[in-house]
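What follows is a set of notes on a single structure, which appears directly below.
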Amino acid sequence: MQLERLTPSDLVGCRYRQIQRVRYPETSPLPATMQRRARRAVGLAEVLDRLPEPPKKRGRIPFTRIDLDSDGELAEFDTLEAIAAGESLITGAIFTGTYEGVQWEVLADLLVRNPDGSYMPVMVSNHRVARPDPHKTMRGISVSRLGMGQPLAVNATLRHHTIDGYRLTLALMGLEEAGAAPDTSVGAVVGQDRDWAYLVDIARYAPAAHRALLAPAPTAPRRVKECSTCRFWPTCEPELQAADEISLFLSGDRAETYRDKGIHTTQELIDANLGEISHIAAAWRADIPVLRKTAQTTAPRFDVEIDVDVEAYLDLGAYLWGAWDGETYTPFVMWSDLGEAAEGENFAQFWAWLKARRDKARQHGQTFGVFCYASNGENHWMLSTARRFYGKVRGVPDEQEIRSFISSDQWNDMFAVARSQLVGPGGLGLKQLAPAAGFHWEEEDFAGEDSLHAYLIASTAVGEEAEAARSQLLSYNGDDCRATAAVRHWLRQGARSAPILGDAL
Ligand code: SF4
């Protein structure tokens with residue numbers, strides 16, 4: 001079988017995709033992949049818009065820019081021509097090469113000419129590539145000065161994303177082939193903050209990227225995280241089922257311990273009688289989504305209970321704080337100007353509403369509790385909002401007030417409560433657990449990635465299209481709040497529909 005060239009995403013994801021691409025070339029990308037591509041295209045366009053343009057009149061420092069068609073047949077040739085011509089800024093560059101017999105290719109979003117004539121590769125990513133940190137310093141350069149200015153010291157720390165590092169590694173290999181690699185292995189990444197390119201030492205990624213290039217192609221599928229969004233799942237799943245592959249039950253590396261013991265199928269794991277894990281495997285085989293670790297289950301109880309859920313768009317900001325009080329769903333939402341004062345104002349309204357409910361409960365001598373499911377997102381956005389907007393937007397609390405709330409017994413994470421009493425063969429996410437508690441979402445097939453895409457439409461489209469996306473997001477968020485409440489009530493009632501772990505199934 002003649003395999004295609006490896007791309008950076010092949011190096012971090014499932015290598016079996018490379019086999020399936022050749023076997024089933026007619027399989028088209030899934031909508032989620034198209035949406036991801038659309039989000040990347042939006043991000044890339046935002047960066048391209050910010051890049052400097054050549055001056056109308058020739059300036060003291062010559063500056064030229066060429067935008068290549070990276071899909072064009074001659075894209076690689078055009079890249080080499082642009083490098084040879086010494087263009088200051090090259091966008092859409094393509095490199096291909098061979099590393100110890102393995103063929104690869106990469107799209108370098110930008111190449112920025114250094115004063116010595118070499119080029120720095122720059123990638124545009126939808127990741128958050130750096131976060132502000134007053135105690136740390138790294139180098140960054142304003143996107144609007146790429147090819148013209150020098151890097152500055154900025155107070156931030158880099159967040160590593162392997163795929164971005166591998167993209168830079170391959171681009172650097174391409175530049176080496178073209179005789180235009182810099183002496184230092186410096187590249188840059190533009191992340192969700194489209195105004196800054198943060199400098200990265202590519203050398204730290206090179207050994208792992210080279211190892212990944214040389215890793216042998218697998219001969220059979222194994223279920224991994226990205227299977228859920230992979231177009232080849234309809235062909236891989238039957239292969240996995242026919243083999244009773246243990247990864248169907250324990251995906252990714254989770255089955256490694258058992259593989260080391262010679263256990264490769266779920267039935268072998270059940271038959272091995274290894275205690276809890278064999279029981280959970282048997283439950284999985286019997287399609288039982290959740291088991292009780294204890295005979296009695298419970299959940300915190302308050303006179304006044306509010307379930308909340310936040311929706312955010314990537315790392316750019318939180319646009320929706322939804323609250324369910326057992327009777328009414330109250331959304332605090334904004335559809336534009338994320339990251340601006342409007343985001344702080346929206347949160348301030350939510351916070352004032354929550355405090356008013358708390359004060360009212362107190363006045364009536366009632367206890368008050370707020371619930372969420374897996375509090376990381378809510379905690380992150382409450383703290384981030386306080387940090388960004390306290391003192392600038394009226395009504396936004398300071399960080400200390402948020403921290404006091406998070407550490408108080410008024411703030412309850414139902415995921416932690418569930419995890420202490422239950423175990424789920426497919427995990428204990430709200431989507432797994434709430435149906436066992438009898439709850440079903442109005443928007444049944446709406447997952448995290450769909451909500452990102454819906455927000456993009458809700459915030460950029462107009463008329464009916466925008467309205468439909470907005471009501472979809474509100475329905476999804478409202479149901480997440482109601483699902484959290486359903487799990488709580490179910491646990492209080494003893495979660496009887498969940499068998500007890502260890503009992504014969
Ligand atoms: S479905 Fe999973 S195993 Fe198959 S190619 Fe896709 S990611 Fe790989």
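The values are calculated or read from the model by the stated rules, or taken from the named source; none is laboratory data. As the structure is a computational prediction, the values presented were derived from the model and not from experiment. Note that we place each Cβ from the backbone using ideal geometry, even for glycine, and neighbour counts take in every protein chain shown. Ligands, DNA and RNA are excluded from the accessible area calculation, which covers all protein heavy atoms including side chains. Shrake-Rupley method; radii C 1.70, N 1.55, O 1.52, S 1.80 Å.
Some points to look at:
- Equivalent ellipsoid dimensions for the range 304-492 as semi-axes, Å, which come from the Cα gyration tensor, largest first: 24, 23, 15
- Heavy-atom surface of the chain, accessible at 1.4 Å and reported per residue (Å²): 49 Å²
- Extension gain, residue 4 to residue 355, is 120.5 nm, computed as 0.36 nm per intervening residue step minus the present C-alpha separation.
- Extension gain, residue 467 to residue 71: 0.36 nm times the residue separation minus the Cα-Cα distance gives 139.1 nm.
- Stokes-Einstein translational diffusion, the range 133-248 - Kirkwood Rh over all Cα pairs, 1.567 mPa s, 4 °C, in µm²/s: 75 µm²/s
- Shape of the range 372-479, Cα gyration tensor, a/c cut at 1.5: oblate
- Virtual spin-label span in nm between residue 409 and residue 102, 7 Å along Cα→Cβ: 5.6 nm
- Hypothetical label at residue 133: residues of the range 145-173 whose amide nitrogen lies under 15 Å (7 Å Cα-Cβ projection): 154-161
- Residue 329-residue 41 FRET efficiency (beta carbon distance; Förster radius 35 Å; 0.05 resolution): 0.55
- Convex hull volume of the range 305-392 per residue (C-alpha atoms, cubic angstrom): 94 Å³
- Segment residue 85-residue 210, length gained on full extension (0.36 nm per residue, minus Cα span): 42.0 nm
- Here the range 101-237 is treated with +1 on each Lys and Arg Cβ and -1 on each Asp and Glu Cβ, and its dipole about the Cα centre works out to around 500 debye.
- Contact order for the chain, expressed relative to its length and based on alpha carbon pairs under 8 Å spaced 6+ residues apart, stands at 13 percent.
- When only alpha carbons are used to place a centre, the range 107-138 and the range 66-106 end up 18 Å from one another.
- P(r) tail fraction, the chain - alpha-carbon pairs more than 46 Å apart, %: 22 percent
- Each Cα pair under 8 Å and six or more residues apart adds its separation to the average, and for the range 364-505 the resulting relative contact order is 24 percent.
- Among the trypsin sites (Lys or Arg not before Pro) found in the range 218-299, those both in a DSSP coil and sparsely packed, with 14 or fewer other Cβ atoms within 10 Å of their Cβ, are 261.
- Extending 7 Å from the Cα toward the beta-carbon at both residue 287 and residue 201 defines two label points whose distance is 5.4 nm.
- Contact order normalised by residue count of the range 163-254, Cα under 8 Å, 6+ apart, percent: 22 percent
- Carbon and sulfur %, accessible surface of the chain computed with the full protein complex present, 1.4 Å: 49 percent
- Note on residue 294 and residue 224: their simple-model spin labels are 3.9 nm apart, each label 7 Å out from Cα toward Cβ.
- Centre separation in Å (Cα based) which lies between the range 344-420 and the range 260-280: 43 Å
- Loop sites in the range 65-159: trypsin sites (Lys or Arg not before Pro), DSSP, at most 15 other Cβ within 10 Å: 128, 136, 159
- The range 68-125 gives an Rg/Rh value of 0.98, both radii derived from C-alpha positions and Rh following Kirkwood.
- Taken over the chain, lysine pairs spaced eight or more positions apart, or on distinct chains, with alpha carbons under 30 Å apart number 9.
- The antiparallel fraction among DSSP beta bridges confined to the chain stands at about 75%.
- Pairwise FRET efficiency - residue 56 versus residue 265, Cβ, R0 = 41 Å, nearest 0.05: 0.05
- Qualifying trypsin sites (Lys or Arg not before Pro) in the range 397-505, DSSP loop, other Cβ atoms within 10 Å at most 10: 496
- Rounded if a/c under 1.5, otherwise prolate or oblate - the range 267-341, Cα gyration tensor axes: oblate
- Per-bin percent of Cα-Cα distances, the range 342-407 [10 Å]: 21, 51, 26, 3
- Anisotropy class of the range 225-288 from Cα gyration tensor, a/c 1.5 cut: prolate
- Förster radius 51 Å - calculated FRET efficiency between residue 272 and residue 159 (Cβ-Cβ, nearest 0.05): 0.80
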